[in-house]
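Have a look at the structure below before the remarks.
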Amino acid sequence: MIALLAVALITLLASIVPGPDFAMVTRNSYLHGRRAGLLAALGIALGVQVHVCYTMFGVGLIIAGSAALFTLIKTVGALYLIVIGWKTWSNRAGLVIELQGGARVPRRTILLSGFLTNALNPKTTLFVISTYTQVVQPGTPLSVQFGYGLCMSAIHLAWFALVATFFSQANFRLRMVKHQHTIDRLIGTLLMALGVLLACANMDKL
């Protein structure tokens, strides 16, 4: 249960940080309405599963090959969370979203765009690997590992569905952009704190 809560917390914090997924959902919500934003959110949640599948396979091979290497990768993953936290905390750039209207986009195109935005994002690759290696242990059943992956997708879907709901309203978008620096610092601090705690725990095992 503690591991699942850790996955949920880290995933939620990482999802909130503005990035390609955030821009994709916001743009579609703003231009084409709530339904388009929800489809983009669903595509992103499905894209997460691509990263989950190859991470599960790779982590399984590493565990079978070398326990020491697995612990080292866990430590590097925790340090990566600290890096994400610092970059988020020190971010000075405002949220930039291309808002160019045009013809109405087919639903499947929006869904596919959300999927590809996440599935082809190298930052998501690093995030999923760093998160997975913190909670998976030798002997962790595949069903539990897959459960972690479903949790990640569910949280992405829930968060970006919320974004789609509110960003289809201009008022909320303006407030979010106005307070972006405060939000970045709060999330960055939490991610760095989690990363430090996990790194210290992993280094004790090296």
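The values are calculated or read from the model by the stated rules, or taken from the named source; none is laboratory data. Everything numeric here is computed off the predicted structure, so don't read it as measured data. A quick note on method: Cβ atoms are made from the backbone with ideal geometry, for glycine too, and the neighbour counts reach across all protein chains shown. Ligands, DNA and RNA are stripped out before the accessible areas are found, and what is left, the full protein with its side chains, is counted by its heavy atoms. Shrake-Rupley method; radii C 1.70, N 1.55, O 1.52, S 1.80 Å.
Some observations on this one:
- Across the range 110-126, rounded Karplus estimates of 3J(HN,Hα) from the backbone phi angles (6.51 cos²θ - 1.76 cosθ + 1.60, θ = phi - 60°) give 5, 4, 5, 4, x, 4, 5, 4, 7, 4, 9, 8, x, 5, 5, 4, 5 Hz, Gly and Pro being marked x.
- Point-to-point label distance, GLN180-ARG34, nm (Cα→Cβ direction, 7 Å offset): 2.5
- Based on Cα contacts under 8 Å between residues 6+ apart, the chain shows a relative contact order of 45 percent.
- The chain, accessible area per residue, ligands and nucleic acids excluded (1.4 Å, Å²): 52
- Computed accessible area, SER143, all protein chains, 1.4 angstrom probe, square angstrom: 90
- About its Cα centre, the chain has a charge dipole of approximately 620 debye under the convention of +1 per Lys or Arg Cβ and -1 per Asp or Glu Cβ, with nothing else charged.
- Distance from the alpha carbon centroid of the range 123-164 to that of the range 1-75 works out to 6 angstrom.
- Backbone N under 18 Å from the VAL196 label point (7 Å along Cα→Cβ), restricted to the range 1-32: 10
- Ordered by 1.4 Å accessible area with all protein chains kept, TYR80, TYR148 run largest first as TYR80, TYR148.
- Two-site FRET efficiency, ARG92 against THR125, from Cβ-Cβ distance with R₀ of 30 Å, rounded to 0.05: 0.75
- Rounded accessible area of HIS156 (nearest 10 Å², 1.4 Å probe): 10
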